[in-house]
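Worksheet: the structure to be examined is printed underneath.
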Amino acid sequence: ALKPVLAAPASSNASPTLSLTAAHTFLAAGKTRDALECVSIGTTMEQMALTLQIYLRIDRIDLAKEQLSAMRTVDEDAILSQLCAAYVDVANGSSTAADAIHHLNTLQEQYGASLMLLNCAAVAHLTAGNYSEAEDSLAEAVAEFNGGEDADTLVNTVVCYQHLGRAAGDIDPLLNTLRAKFGAHPFVEGLKRVEGALERESIKYKVDAISA
């Protein structure tokens, strides 16, 4: 239903709000290419930021870096420019994770902590190998922003606990909450696929008990 609206003559200069709404709708439906088409030629910071995030989603960090450069040309000090810089630094790996942590700390100092910023900081620390610091960020997300009811906080905590070598007793309740409340989350869907594959493989090697 969105494509005819976007293709209509009246939408040739579609508002940024329309293109962003369409892009998010396509992303929710798994239509990454269509989402990119909605925002890739956009000139607002919001359109440029979403374009960058889509490039990262499809593992085109080279294009994401180009997009970040364009955003910085428009407004280097904008919140979205700093946030997207952190995204790119994390995607680039451990070598630039410290830069991401710096950007995120600066944002928290300027605007205060939030559930999203604390999760981003946790991911940056995980990428850098700072597992205790990641745990601290996630604990703050849970304590201050009800992160125990947020899918991303739960997923990041599971990953963090695995790196810290926590026992199954710490991790399983988080996984149970994810399965019960966020069954459509990509992480949970991935778990289901892996568990299904393991179950199918285990059946192949099942050995029936031999009676004496």
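Values as computed for the structure displayed
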read-out: Residues located in the stretch 142-176, provided they are within 19 Å of E189 (Cα to Cα), open to solvent by 40 Å² or more (accessible area, probe 1.4 Å) and either among the β-branched types (V, I, T) or in contact (Cβ under 8 Å) with a residue 40 or more places away in the chain (or both); value: V159
read-out: Boolean, D89 is crowded, with 17+ Cβ neighbours inside 10 Å and charged (D, E, K, R); value: yes
read-out: Among the candidates S81, S95, residue that is open to solvent by less than 70 Å² (accessible area, probe 1.4 Å) and part of a helix (DSSP H, G or I); value: S81
read-out: Set A209, A180, A184: member being in a loop (DSSP other than H, G, I, E, B), open to solvent by 50 Å² or more (accessible area, probe 1.4 Å) and at pLDDT 90 or above; value: A184
read-out: Test: residue in the stretch 117-132 that is open to solvent by 60 Å² or more (accessible area, probe 1.4 Å), part of a helix (DSSP H, G or I) and in contact (Cβ under 8 Å) with a residue 12 or more places away in the chain; value: yes
read-out: Subset of the stretch 98-111 that is open to solvent by 30 Å² or more (accessible area, probe 1.4 Å) and without any contact (Cβ under 8 Å) to a residue 24 or more places away in the chain - its residue that is farthest from N146 (Cα to Cα); value: D99
read-out: Unique match (being surrounded by fewer than 12 Cβ atoms within 10 Å (Cβ to Cβ), out of contact with any helix residue (DSSP H, G or I) (no Cβ under 7 Å at 6 or more places or on another chain) and either small (G, A, S) or not in a helix (DSSP H, G or I) (or both)) among A197, A139; value: A197
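Conditions (1) at pLDDT 95 or above; (2) surrounded by 11 or more Cβ atoms within 10 Å (Cβ to Cβ); (3) among the polar types (S, T, N, Q), marked per residue:
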| position | (1), (2), (3) |
| --- | --- |
| L2 | no, yes, no |
| L6 | no, yes, no |
| N13 | no, no, yes |
| S19 | no, yes, yes |
| G30 | no, no, no |
| G42 | no, yes, no |
| M45 | yes, yes, no |
| A49 | yes, yes, no |
| R57 | yes, yes, no |
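The values are calculated or read from the model by the stated rules, or taken from the named source; none is laboratory data. Keep in mind the model is a prediction, meaning the values are calculated, not measured. Cβ sites come from the backbone with ideal geometry, for glycine too, and all protein chains shown count toward neighbours. These accessible areas exclude ligands, DNA and RNA; they are computed on the full protein's heavy atoms, side chains included. Shrake-Rupley method; radii C 1.70, N 1.55, O 1.52, S 1.80 Å.
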